[in-house]
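Following: one structure in structure tokens, then a few remarks.
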Amino acid sequence: MSQPGWEIIVDGQRLSGQKGQTILEVMLQNGMDLPHICYHPNLGPIQTCDTCIVETEGGLLRACATRIAPNMVVNTTSGNAKDARVEAMNRILHNHQLYCTVCDNNNGNCVVHNTTEMIGISHQKYPFEPKPYKPIDDTNPFYRYDVNQCILCGRCVEACQDLEVNETLSIDWSLERPRVVWDGGVDIGESSCVSCGHCVSVCPCNALMEKSMLGEAGYLTNIPADTLKPMIEFVEDIEPSLPPVFKLSDIESTMRQSRIKRTKTVCTYCGVGCSFDIWTKDRQILKVEPTYEAPTNGISTCVKGKFGWEFVNSPDRLTSPLIRRGDKFYEASWEEAYQLIAEKMTAIKQQYGPDAFMFIASSKASNEEAYLLQKLARNVIGTNNVDNDSTYCQDPATYGLRTTVGYGGDSGSIHDMEKADLIMTIGSNTAESHPVWATRVKRAHKLKGTKLVVVDIRKHEMAERADVWVKPKPGTDGIWILGLSKYLVDQGWIDRKFLTERVDGVDDYIESLAPYTLEYTAQMTGIPKETTVKVAEMIHEAHAMSILWAMGVTQQRDGSETSLAISNLLLLTGNFGRPGTGGYPLRGHNNVQGASDFGAKPHFLPGYQDPSDDEVRARFKKVWGTEIPKNMGVNNQELTGEILKGRIKMLYVVGEDTALVDADANQVRDAFSQLEFMVVQEIFMTKTAQYADVILPASPSLEKEGTFVNTERRIQRFYQAMEPLKGTKPDWIILQEVAQHLGANWPVYRHPSEIMDEVAQLTPLLAGVRYDRLEGYHTLQWPVAPDGTDSPLLYIDRFHKPGGKAQLTPMSFVGPSQEAEKFDLHINNGQLLEHFHEGNMTYRVRGIEHLVPEVFVEVSKELAMERNLKDGMMVRLVSPTGSVKVPVLITDRVSGHELYLPMNSRGEGAINNITGTGIDTRTDTPAYKETVAYMEILDEEAPNKSPLPRYNWRFHKRHPQLGVQVEKKWRRRDYIPLVTTPAGKNQPLEEDDHGSAHH
């Protein structure tokens, strides 16, 4: 509900605002600036700096924390207000050594520098005094803290405590000279810091800086320390007279703009879709700078998005086409490679027909590249055998949502989810797999009182934070959801009005719940009846509930059934179509949603159109000039069997390491060795590329333009930050050139925008998508109407089903695969925060490899005692399909005979060496989470040494508090207030609103 509009008068000007806004917010939105340092729109009022003081009839107040009232009169130019701001700035400079001209942060956006100039400080009233601490903490691999540059604004603390909600940083106000501390006073590298970068991004000066910026940004910053120190002392000697020196530093700052390029891009790791500016100097990546404008993440990042880009310049990059001759690869020209590809593909098509081909699109490449690959398959070769990574992960969620409500994607945005009274996560290690999304969940839970229910077999961070942690037996999540649903029905706690008006199949579905009594549910799942009742009560009391789920449940034989159960639960309780409600299947890769949206699926054309529909076929024939195949194609999971049966002869892979990520990887690699011909487009020599006959060196996202679709259905542009590495080409260019050598009659696409225009012409779901509507940080969430109107929140008035009604759908469960009793250990598997999947990119980032240098298997304390296991002991896990060799890590994150093996291994510890052949009953998604094994101990005398370094954040305790606790500063004896209030008058307008902004 929008707030009523109010007007205030600032320096004689009438400004429009809304109830609940502060003076500063109203001024900024009306284009009127006011000095401020500690305030940030993503953080809200912190109230430590006092540089935004204004005068009102209530006296001198902080504009950042004073809410407006109708016709409030505000004076920013009065002598009292100006004097207060000058005094506040002088106090700040007492803590900050000014040497702007030789400072790495002198890039035009230093808040301290700019505010000092804006306030008009000409001479420093209080000389800088060094703090009595070790001046530099550089123990984190990515950033360093300079205590003598820190102004104690508290932005970093607010960001850590109440935005990221990692709760590591605080200010120790009890010290004679207060300072920022990590976990109460330890080195950063020995703290619970997860290297998310929030603190660095919000720092208003050079106290916290990326190590990659040091000595690189300025013309005078890359100076040896023994020379730089005297220069700083010289600058400091003259900078008490600030204006002339500021002019010099401003000139030097302007000069930097010619050498530093700032490019908006989108993260290429998980599916959250964080966007930010990336700073480069030629090919050197200086830093990632998130911005308030970013629609999903604002200023938030994780360790990978903020610091994980070193792989782009890895010496391991492929830089020439490679052709196999025998067991070796030889460099070739592009023309030679293209001619061989065309010759082989033509011969295979003539001999075996079009369905002897399989094409795999990348969930990391752009939408336009996914579209061109499926066009190559369908238009040039004539097969629907094309797929992408979604078959391995979230196809069951897509199935569940399409069946019940119509669209196979998140029903709202991250901002809609934040409005929930109750958030439930099911099979999602959100804090590590989707860390920025998790920040919004943790923030709502901490600051807004949102209730949190976590359903997971492993005690990860989200389970620790939950109001209720529900721990089912492996593979029984769906049964518990049905038992929960039945209890809600039995208590009359379902939304009958919503069901009557907007849902079909209600009676049949309710009847299908009959077997799922509390007793049966407890027996099957191991979840106490009391827990199920407690969660039901929480749902009943919540006005709005959102459910997030991920691979913990979709990668089971009942993944689709569980996804149906989740969507049905939301329908039963009326939790669709309103802010704070809906289903959010969190996508794993940056563009796994887009690869499917743009047609890289064997049973869907772009926009999920049916290839057998005559109207659709006619539209594609008109644009493409050829008939498209009708029959359903082969998916990724079926590929291995089709090769071994001799039906698939040629495989074309773009940017997927299928030989590592497919289940039962040993059989996959056996199959690849039997192909007649294989082409791989890649940036590294991956395990999959090693089986290729031709390898074409591609370009990552920083070297090209395009769009991605994130988990919110949000289409975002990314821009080219640097030229493609010599010898490489963007995938969209490679695919065009392959098509040309195959004789295709394609238009010449000179820019990805022209590919998008063709997609919009063919695809009603994306009809209004154009690059000019995606400029900068503008985005569109599909479906997009021809006039560009998009759909951030789905199902407000109707569902995307015949008649506009949702469909409650009964289901049946087959249960986990059953193996011999000797396979007595359940091997859960998934992501770690630091690494992404097998680590092809992240192991090429030195700082990430420092944090997590190798894979390990988590075992419980109970199992360790039972088997006499020690940290670091090497074990072999043997499953029905293979084995892995990994060191042990003993932890309470797992219990009993349940183990956790992360995915970050490309060698003997690769999880898919032991995953099995079970698949989801509806979508063929491999049942990765049903892996079982027995254990062999390989070295009983191994030293008791953790394979995860003890400096890793997992071994350190967080220190939660609300924000910066500025009241402790105000209570210090040496603090003299600058804010005034008439005697006896209350201050109802002042607030302490942690992170009031929508991000």
Can you spot a residue in region 607-615 that is part of a strand (DSSP E or B) and either buried (at least 20 other Cβ atoms within 10 Å of the Cβ) or out of contact with any strand residue (DSSP E or B) (no Cβ under 7 Å at 6 or more places or on another chain) (or both)?
yes
Could you list all residues from region 301-347 that are under 24 Å from residue 590 (Cβ atoms) and hydrophobic (A, V, I, L, M, F, W, C)?
302, 303, 307, 309, 311, 312, 318
(1) touching a residue at least 40 places away in the same chain (Cβ under 8 Å); (2) crowded, with 17+ Cβ neighbours inside 10 Å: which one isn't true of residue 745, the others all being true?
(2)
With part of a strand (DSSP E or B) and assigned by TED's automatic domain parsing to the domain that holds residue 931 as the only criterion, which of 863, 869, 901 stands out?
901
Out of (1) assigned by TED's automatic domain parsing to the domain that holds residue 606; (2) assigned to a loop (DSSP other than H, G, I, E, B); (3) of a type outside the set (Val, Ile, Thr), the odd one out for residue 697 is which?
(2)
Would it be correct to say that residue 803 is in a helix (DSSP H, G or I) and closer than 30 Å to residue 495 by Cβ?
yes
Restricting to region 462-496, and then to whatever is surrounded by fewer than 22 Cβ atoms within 10 Å (Cβ to Cβ) and among the acidic types (Asp, Glu), can you tell me which residue is nearest to the chain's Cα centre (by Cα)?
464
Under the condition of being part of a loop (DSSP other than H, G, I, E, B) and in contact with a strand residue (DSSP E or B) (Cβ under 8 Å, 6 or more places away or on another chain), which residue from region 820-832 is surrounded by the fewest Cβ atoms within 10 Å (Cβ to Cβ)?
822
Looking at 679, 738 in this structure, which one is more than 31 Å from the chain's Cα centre (by Cα), at pLDDT 95 or above and not in a loop (DSSP other than H, G, I, E, B)?
738
Residue satisfying all of: in region 511-531; surrounded by 17 or more Cβ atoms within 10 Å (Cβ to Cβ) and without any contact (Cβ under 8 Å) to a residue 40 or more places away in the chain; nearest to residue 403 (Cα to Cα) among these:
513
Do we find that residue 720 is among the polar types (S, T, N, Q), in the same structural domain as residue 698 (by TED's automatic domain parsing), surrounded by 16 or more Cβ atoms within 10 Å (Cβ to Cβ) and under 24 Å from residue 338 (Cα atoms) in this structure?
no
For residues that are charged (D, E, K, R) and part of a strand (DSSP E or B), tally how many sit in region 115-165.
3
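Yes/no per residue for (1) within 20 Å of residue 459 (Cα to Cα); (2) surrounded by 16 or more Cβ atoms within 10 Å (Cβ to Cβ); (3) without any contact (Cβ under 8 Å) to a residue 40 or more places away in the chain:
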{"position": "840", "(1), (2), (3)": "no, yes, no"}
{"position": "850", "(1), (2), (3)": "no, yes, no"}
{"position": "868", "(1), (2), (3)": "no, no, no"}
{"position": "905", "(1), (2), (3)": "no, yes, no"}
{"position": "910", "(1), (2), (3)": "no, yes, no"}
{"position": "928", "(1), (2), (3)": "yes, yes, no"}
{"position": "953", "(1), (2), (3)": "yes, yes, no"}
Checking residue 416 against (1) part of a helix (DSSP H, G or I); (2) assigned by TED's automatic domain parsing to the domain that holds residue 632; (3) in contact with a strand residue (DSSP E or B) (Cβ under 7 Å, 6 or more places away or on another chain): exactly one of these is not met. Which one?
(2)
Go through region 741-800 and give me each residue that's basic (Lys, Arg) and not in a helix (DSSP H, G or I).
750, 770, 798
Residues of region 541-551 classified as more than 28 Å from residue 923 (Cα to Cα) and surrounded by 15 or more Cβ atoms within 10 Å (Cβ to Cβ), total:
2
Subset tally (residues that are in a helix (DSSP H, G or I), out of contact with any Ser or Thr (no Cβ under 7 Å at 6 or more places or on another chain) and among the aliphatic types (A, V, I, L, M)) for region 833-850
0
Which one is surrounded by the most Cβ atoms within 10 Å (Cβ to Cβ) among residues in region 194-220 that are assigned to a loop (DSSP other than H, G, I, E, B) and polar (S, T, N, Q)?
195
Do we find that residue 862 is within 27 Å of residue 476 (Cα to Cα), in contact with a Pro (Cβ under 9 Å, 6 or more places away or on another chain), modelled with pLDDT of 95 or more and not hydrophobic (A, V, I, L, M, F, W, C) in this structure?
no
When both residues are 6+ apart or on different chains and their Cβ atoms are under 9 Å apart, which pairs have a first residue that lies in region 276-296 and is within 14 Å of residue 198 (Cα to Cα) and touching a residue at least 60 places away in the same chain (Cβ under 8 Å), and a second that is charged (D, E, K, R) and surrounded by 21 or more Cβ atoms within 10 Å (Cβ to Cβ)?
287/210; 287/306; 288/210; 288/306; 290/306
Does residue 43 count as in contact (Cβ under 8 Å) with a residue 24 or more places away in the chain, closer than 23 Å to residue 980 by Cα, buried (at least 21 other Cβ atoms within 10 Å of the Cβ) and among the aliphatic types (A, V, I, L, M)?
no
Just the residues that are in contact with a Lys or Arg (Cβ under 7 Å, 6 or more places away or on another chain) and of a type outside the set (A, V, I, L, M), please, taken from region 851-885.
858, 871, 872, 876, 883, 885
Would you point out which residue out of 105, 114, 90, 95 is free of Cβ contacts under 8 Å to residues at least 12 places away in the same chain and under 21 Å from residue 155 (Cβ atoms)?
114
Can you list residue pairs whose Cβ atoms sit under 8 Å apart, with the first residue in region 930-947 being not assigned by TED's automatic domain parsing to the domain that holds residue 884 and the second being surrounded by 18 or more Cβ atoms within 10 Å (Cβ to Cβ) and basic (Lys, Arg)? Count only pairs 6 or more apart in sequence or on different chains.
none
So which residues in region 20-51 are in contact with a strand residue (DSSP E or B) (Cβ under 6 Å, 6 or more places away or on another chain) and part of a loop (DSSP other than H, G, I, E, B)?
30, 47
Wholly inside region 432-534, helices (runs of 4 or more DSSP H) that include 1 or more residues that are over 30 Å from residue 296 (Cα atoms) and not small (Gly, Ala, Ser) are 477-490, 496-502, 506-512, 518-525
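For (1) closer than 30 Å to residue 622 by Cβ; (2) at pLDDT below 95, each residue gets a yes or a no:
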position: 659; (1), (2): no, yes
position: 691; (1), (2): no, no
position: 696; (1), (2): no, no
position: 709; (1), (2): yes, no
position: 722; (1), (2): no, no
position: 733; (1), (2): yes, no
Against the conditions (1) buried (at least 22 other Cβ atoms within 10 Å of the Cβ); (2) in contact (Cβ under 8 Å) with a residue 60 or more places away in the chain; (3) within 20 Å of residue 457 (Cβ to Cβ), where does residue 877 fall short? Just the number, please.
(2)
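The values are calculated or read from the model by the stated rules, or taken from the named source; none is laboratory data. Worth saying up front: this structure is predicted, and the values here are computed from it rather than measured. Don't worry about glycine lacking a Cβ; one is built from the backbone with ideal geometry, like all the others, and counts go over all protein chains shown.
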